[in-house]
Amino acid sequence: MEISAIILAGGQATRMGGVDKGLILLKNKPLVQHVFNRLQPQANEILISANRQIAQYEAFGFKVLPDENPEFLGPLAGMLLGLKHAEYDLVLSVPCDSPLLPLDLVPRLLNGMLESRVDIAVARSDGNTHPVFCLMKKSVLSSLQAFLDEGERKVSAWQKSQAYCEVDFSDCSDAFVNLNTLEELRELELKL
């Protein structure tokens, strides 16, 4: 099945001093480049949700989509952009600050979606849900738009209001490490 992917790089990165997280270097490559490298074999199309440094993101050769709403609406705004602009009917969402995402993320989420006959499959590991790591059918677009229009912002609350399942990735829970501070970035760099 053909998959579109949206990389969520539109955040304010307040815990990193407001720097653009996707462009921070890890092993001499921007975080978002690590994400691309892991996504490219799994997706037919890659989009980027970004609100700053647009030209730098465009330089990677992918379509960059800024939020339509000037108020910061969080990850759901980027997921909405993915659903609106994706070429394909299945849309994967991932954050820009998880450089170790699973190399089999798409097939496992897709398998969970098909087996459970749901519209959204969300990654889970060691009892923790990772809501922004999800595979969605484009058919959930109108419900997400309505959710945002009601002033709601919580990703998991919206997902749980839909036909959804969680897919266990406890065998590779380190893959979902996301980097929120420069200290976390340094720690990961030492491990790699």
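The values are calculated or read from the model by the stated rules, or taken from the named source; none is laboratory data. These numbers were taken from a predicted model, which means no experiment stands behind them. Don't worry about glycine lacking a Cβ; one is built from the backbone with ideal geometry, like all the others, and counts go over all protein chains shown. Note: accessible area is taken over every heavy atom of the protein model, side chains too, but ligands, DNA and RNA are not part of it. Shrake-Rupley method; radii C 1.70, N 1.55, O 1.52, S 1.80 Å.
A simple count of charges around Val91, restricted to other residues whose Cβ falls under 15 Å of its Cβ and scoring Lys, Arg +1 and Asp, Glu -1, yields -1.
Here's the picture: charge each Lys and Arg Cβ at +1 and each Asp and Glu Cβ at -1 in the chain, and of Ala86, Gly10, Asn37 the one pushed furthest to the positive end of that dipole is Asn37. Taking the alpha-carbon distance from Lys29 and a cut-off under 19 Å, which lysines remain once sequence neighbours fewer than 8 residues away in the same chain are dropped? Here the lysines satisfying the reach criterion relative to Lys29 are Lys21, Lys191. In the chain, Cα pairs under 8 Å separated by at least six residues give a relative contact order of 25 percent.
Here segment 1-153 has 47 percent of its accessible surface on carbon and sulfur atoms, given a 1.4 Å probe and all protein chains in place. Here Ser139 sits with roughly 80 square angstrom of accessible surface, probe radius 1.4 Å. I'd like the distance between the alpha-carbon centres of segment 59-120 and segment 129-182, rounded to an integer number of Å. If you average the Cα positions of each part, the centres end up 9 Å apart.
Distance distribution note for segment 142-183: the fraction of Cα pairs above 16 angstrom is 58%. Within 10 Å of each candidate Cβ there may be at most 16 other Cβ atoms; applying that plus a DSSP loop requirement, which GluC sites (Glu not before Pro) in segment 114-192 survive? Loop-located and lightly packed - Glu150, Glu152.
Label zone of Ser161 (point 7 Å out along Cα→Cβ, amide N under 19 Å): in segment 73-88 this covers 73-84. Highest GNM mean-square fluctuation among Asp97, Asp20, Asp149, for the chain modelled with Cα contacts below 10 Å: Asp149. Dividing the radius of gyration of the alpha carbons in the chain by their Kirkwood radius gives 0.93 for Rg/Rh. Of the trypsin sites (Lys or Arg not before Pro) found in segment 20-84, those in coil by DSSP whose Cβ has at most 14 other Cβ atoms within 10 Å are Lys27. Probing with 1.4 Å while keeping every protein chain in the model, the per residue accessible area of segment 1-124 equals 43 Å².
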